[in-house]
Amino acid sequence: MDKYNFCSSGGSSNNDVVRYTRDIPPAHYSFKIEAFSLLSDSNVEKIESGIFEAGGYKWRMVLYPNGNAKSNGKDFVSLYLAIEETKSLPQRWEVNAEIKLFVFDQKENNYLTVQDSHNGGINRFHEMKTEWGISKLIPLETFKDTCNNGYLCNDSCVFGAEVFVIKPGGKYECFSMVKNPGNSTHTWELEKFSTLKETSYLSKPFTVGGRKWKIKVYPQGDGKAKGDWLSAYLNLSDAETLPPKGKVRADYKLRVIDQRRDQHVEKTGKQWFSKEDNTWGYRNTIRLGDLHEKSKGFVMNDTLIVEAQITIISVTKFLH
């Protein structure tokens with residue numbers, strides 16, 4: 001006989017009850033009953049445990065030694081968990097909890113663990129439903145079979161309960177991709193360009209998609225491109241405000257404006273920006289020879305114009 005393959009709980013289909021054994025005792029409460037036969041033979045309908053606390057609420061175990069006949073539990077042991085002291089709770093209160101009920105096997109030194117898996121194993125307590133449990137926890141015949149099972153030894157038995165309350169206090173994250181966000185193009189004029197001697201320059205910050213950005217330019221090139229190319233990058237200037245491992249996805253364009261013929265030099269990129277990688281772009285944006293060729297109009301009146309356009313950006317919102 002498979003001693004764990006019992007019938008279902010009252011009000012649930014056979015597939016709604018999960019049974020298995022485990023070695024670890026119940027985390028929240030154990031309820032030992034001695035002289036069980038006297039309790040059973042005296043036709044006591046139910047017995048209640050003391051009150052215990054779990055998840056910030058008060059609870060009590062309710063045992064029907066001969067089964068809860070009203071819930072089709074005749075000839076079974078029925079076990080329930082009831083929430084207590086509900087008058088102190090606010091109006092229209094509701095508590096969602098994952099419940100596990102236990103019967104200790106004293107011979108095997110492990111626990112028959114029973115859980116109603118309906119609704120993902122979550123039980124909803126409220127004013128109209130203050131008690132949840134299993135009407136067909138274990139057949140009385142199996143429970144009292146001391147030759148083959150160890151649930152009732154020396155006329156004593158131990159039941160248990162675990163209750164994990166699900167509190168709706170978590171954060172809610174909404175991730176979305178926004179195409180053509182507002183104010184997506186920023187134009188930066190570098191005046192007196194021929195006099196710029198620093199290795200790199202940063203534009204003033206501009207805002208796209210709720211994030212702050214800057215354009216970064218290396219007039220004489222960056223790294224291996226130095227002396228041959230102008231390098232241009234897009235910088236996420238408020239990257240330090242990102243949450244741990246937070247990232248922002250951006251599809252962008254970097255342009256060096258041809259002020260004479262409108263034949264701009266444009267580079268496109270698609271990258272994830274983060275605290276560690278907050279700057280993306282191109283070392284080889286435009287050759288210095290082309291940049292300074294007067295007929296091409298990239299530098300006019302000693303002014304270079306660089307644009308950054310963000311065409312698609314990810315937006316993440318955290319809600320409580």
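We did not get these values from a lab; they are worked out from the coordinates using the rules stated. Computed from a predicted model, the values in this text were never measured in an experiment. Every residue, glycine as well, gets a Cβ built from its backbone with ideal geometry; the counts of neighbours run over all protein chains shown.
Report which label in (i) 0.99; (ii) 1.05; (iii) 1.39 holds the value of Rg/Rh (Cα atoms, Kirkwood Rh) derived from the coordinates of this structure.
Entry (iii).
Relative to the Cα centre, what is the charge dipole magnitude of the chain, using +1 at the beta carbon of each Lys and Arg, -1 at the beta carbon of each Asp and Glu, and rounding to the nearest 20 debye?
1800 debye
Between exposed chymotrypsin sites (Phe, Trp or Tyr not before Pro) in the chain, where DSSP calls loop and at most 14 other Cβ atoms lie within 10 Å, what's the longest gap?
94-320
For a label point 7 angstrom out from the Cα of residue 240 toward its Cβ, which stretches of the stretch 195-213 have the backbone nitrogen within less than 18 Å?
Flagged as within label range: 202-206, 211-213.
For labels at residue 191 and residue 264 in the simple 7 Å Cα→Cβ model, what's the distance in nm?
Placing both labels 7 Å along Cα→Cβ, they lie 2.2 nm apart.
Hey, rough spin-label estimate for residue 178 and residue 284, points 7 angstrom out along Cα→Cβ, what's it come to in nanometres?
3.5 nm
When the chain is fully extended, how far beyond the present Cα-Cα distance does residue 94 get from residue 23, taking 0.36 nm per residue of separation?
That pair, residue 94 and residue 23, stretches by 22.3 nm at full extension.
For a test of the definition: using alpha carbon positions, the gyration tensor, and the 1.5 limit on a/c, classify the stretch 183-277 as rounded, prolate or oblate.
Prolate shape, in that a/c is at least 1.5 and a/b is the bigger ratio.
Pull up all non-local amide H partners of residue 249: gap of 5 or more, or a different chain, and H-to-H distance under 5 Å with H placed in the peptide plane.
273, 314
Within the stretch 106-157, report the trypsin sites (Lys or Arg not before Pro) that DSSP leaves as loop and that have at most 13 other Cβ atoms within 10 Å.
107
Applying 1/(1 + (r/R0)^6) with R0 = 35 Å to the Cβ-Cβ distance of residue 16 and residue 84, what FRET efficiency is obtained, to the nearest 0.05?
0.85
So what's the back-of-envelope 222 nm ellipticity for the chain, counting only DSSP H runs of four-plus at -39500 (n - 2.57) apiece and dividing by all residues, rounded to 500?
So the helix-based figure for the chain works out to -1000 deg cm²/dmol.
Going 7 Å from the Cα of residue 275 along its beta-carbon direction, which residues of the stretch 229-256 have the amide nitrogen within less than 19 Å of the resulting point?
Hits in the stretch 229-256 for residue 275 at 19 Å: 235-249.
Report the Cα centroid-to-centroid distance between the stretch 192-244 and the stretch 268-320 in angstrom, as an integer.
Measuring centre to centre over Cα atoms gives 8 Å.
Between residue 318 and residue 46, what's the calculated FRET efficiency when r is the beta-carbon distance and R0 is 45 Å? Round to 0.05.
0.45
Among 102, 49, 130, whose Cα sits farthest toward the positive end of the charge dipole of the chain (+1 at Cβ of Lys/Arg, -1 at Cβ of Asp/Glu, about the Cα centre)?
Working it through, the farthest residue towards the positive pole turns out to be 130.
Taking only pairs that are 8 or more places apart or on different chains, how many Lys pairs in the stretch 187-288 have Cα atoms under 12 angstrom apart?
Going through the stretch 187-288 pair by pair, I get 7.
If I model a spin label at residue 58 and residue 164 as a point 7 Å from the Cα along the Cα→Cβ vector, what separation in nanometres do I get?
2.6 nm
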